[in-house]
Structures are given as C-alpha cells and as structure tokens.
Amino acid sequence: MTAKIISGKELSQAIKADINKKVNLLAKKFRAPCLAVILVGEDLASQVYVRNKVKACEGCGITSILEKLPEETPEEILLEKIEQFNNDDSIDGILVQLPLPKHISESKVIEQISVKKDVDGFSLENVGALCTGMPGFKACTPYGVMKMLESTAINLTGKHALIIGRSNIVGKPMALMLLEKNATVTIAHSKTVNLAELGRDADILVAAVGKANFVKKDMVKPGAIVIDVGINRGTDGKLCGDVDFEEVKEVAGYITPVPGGVGPMTITMLLQNTLEAAELKSIKEQGN
Ligand code: GUN
C-alpha cells in the first residue's frame, strides 16, 4: 500500500487564492492588511523563514514591514519597537521571529505584542482562548495541520491522535485543536516510554520532534494519517522531515511530504490570521 500525499503546497495555493480575493475586497473598502515582521540577529534558518513570510505577503496583496535588528539589541529596545508597532494603526499583525538571542526573554516579548495583533497566536490570552474554545488567533503550524486534516474529509471524532513533541508552538496547541475536533489525544515526548506501541495505536500521528527520519514504519498503524512537522537536514544535506518518508509511506494511509507539506501551510495560516486581524479592525473602525 502506498499512502496518499497531502500536499501542503497545493492546499496552500488554494487557500492563498481565497485570501487574495478577500484582501482585494478589504483593500477597496478599508485598506490592505499589513504585517510587521521583526527579526533579531543573523540566524540563517530564521532569515529564510522571514524572507518566505514577507514574500508570501506580497503574493497575497498583504503589505509587510520587515524590521531587522542586530543580535546585540537590548531587550528594552525590542520591547519599545513592539510598542511602537502596537500603537501604529496601519499595522494589523506583529510577528517576532523565534528563537531570540539568549539575553532576550521570549515570554516578555510575546506578552508585549498586543493580543489583537498577535497573529502567531502565542500570547497567554490567545492560548487561553484556544484552551477554552473562545475566539482568538491560533498558532499557525497546528492551524495549518488542521486544514490539512480537514482536506482528507475524515471525521476526527473518536480517533486516537498521537502528537510527538510538546512545544508551545506546535505540540501543545496541536493537542488542543485536535481535542476540539473530538479526537482522543496523546502527547508523547522525550521521556515517553513505549513510543512505538503508542504510534501503532494512533489513527493520526503528528511528528514534531526535530530529529531527521525519527518516525519509522514500525511506529505507524496501517492506514494512519501521518503529518510531518519537522524540517531537518539529512546526512545527505537534503531537507527532510521527522518521518522516514520512504518507509512510512508504505504503511500510512495519508502522509505529508517535506518539503512541500506543513511548511507552506504555516505561512498561509499566518496570512489568514493577518487578514482576519485587518478585517476585525475594519469592522471596529467603520462597522463593516
Ligand atoms: N520560529 C519557528 N516557528 C515560528 C513561528 O511560527 N512563529 C515565529 N514567530 N517564530 C517561529
């Protein structure tokens, strides 16, 4: 058996076409949405991610502002910059690329961003909203994964979902989103015992471990949906995920590739959140 591929590249193009239409409508009656992206330091991967985010904004008609700050930027300067963007009415979304240099507190920075502009969905208030089923911005990677699952048209009610990884950015919000769709959720992590056994019982397996080709076919239930959040460099220097794609695709029912899987969906959901932030602002300022 060979798994069906869930292409994040194709799905994201369809969602971006819809976002682009809505952006054009909003631009006519209000203005184009605007995302401010802050990058501190020279981390190579972060530079690539930020470049891709800015490019994706352009592709959808969303205005972007890129603020690059040097590695040694003091925390207060970054907090002041965020405050300036919070008070700027022409900016709808603010994203500070993580990780930050060690001398800067990520939690302080996240909490400095106005909840209404927190298009990453990382603030305590947005996480709390997700946890309690209230409206708010959802973290982009798990939000994108939910769209990929939705594209299979498989009802998640009563399904066993195993998430490998407990990060604030992916694992934990992923669990809450799956729970909201009535899945029975297990979060596994580095201290989990019998991971392969848990994997073989999972109808949905989300790998967010950060280890190249970590998930092998003996950890996967035949016919399962396998979602690969990882972006790693394999020993051959090529990009690869957390799932050993070649062997797992022979067991799984659905699988996401790397590249072209979850990555493009993360960026697309950031655009979606930025559009929503601008739409809410338009409603507040002019009633529609
Ligand atoms: N670093 C890795 N993923 C993300 C993300 O989704 N948002 C931000 N701001 N930083 C990240």
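The values are calculated or read from the model by the stated rules, or taken from the named source; none is laboratory data. On a predicted model such as this, the values are computed, not experimentally measured, just so you know. Ideal geometry is used to build each Cβ from the backbone, glycine not excepted, and the neighbour counts take in all protein chains shown. For accessibility, only protein heavy atoms count, side chains too; no ligands or nucleic acids. Shrake-Rupley method; radii C 1.70, N 1.55, O 1.52, S 1.80 Å.
Here are the numbers for the structure shown:
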{"read-out": "Full-extension gain in nm, residue 4 to residue 115, via 0.36 nm per residue minus C-alpha separation", "value": "36.1 nm"}
{"read-out": "Value of D in µm² per second that Stokes-Einstein yields for the range 163-229, Kirkwood Rh from Cα pairs, at 25 °C (0.890 mPa s)", "value": "205 µm²/s"}
{"read-out": "Mean ellipticity per residue at 222 nm, deg cm²/dmol - from DSSP H runs of n ≥ 4 across the chain, formula -39500 (n - 2.57)", "value": "-13500 deg cm²/dmol"}
{"read-out": "Reciprocal mean inverse distance between Cα atoms of the range 154-288 - Kirkwood radius, Å", "value": "15.9 Å"}
{"read-out": "Contour excess over end-to-end distance, with Cα ends at residue 131 and residue 192 and 0.36 nm allotted per residue", "value": "19.6 nm"}
{"read-out": "Backbone N under 15 Å from the residue 124 label point (7 Å along Cα→Cβ), restricted to the range 79-106", "value": "106"}
{"read-out": "Calculated FRET value between residue 46 and residue 20, using beta carbons and R₀ = 30 Å, to 0.05", "value": "0.70"}
{"read-out": "Residues in the range 21-63 reached by a label modelled at residue 283 [backbone nitrogen below 20 Å; 7 Å Cα→Cβ]", "value": "21-35"}
{"read-out": "Helix 140-151 axis, angle to the chain major axis (alpha carbon atoms, nearest 10°)", "value": "50 degrees"}
{"read-out": "Folded to 0 to 90 degrees: helix 8-29 orientation relative to the chain principal axis, Cα", "value": "20 degrees"}
{"read-out": "Virtual spin-label span in nm between residue 233 and residue 102, 7 Å along Cα→Cβ", "value": "2.1 nm"}
{"read-out": "Area of residue 81 that stays accessible when all protein chains are in place (1.4 Å probe, Å², to 10)", "value": "40 Å²"}
{"read-out": "Principal-axis tilt of helix 75-86 within the chain, Cα atoms, nearest 10 degrees", "value": "70 degrees"}
{"read-out": "Geometric extent, Cα atoms of the chain - Rg, Dmax (angstrom)", "value": "19.1, 57"}
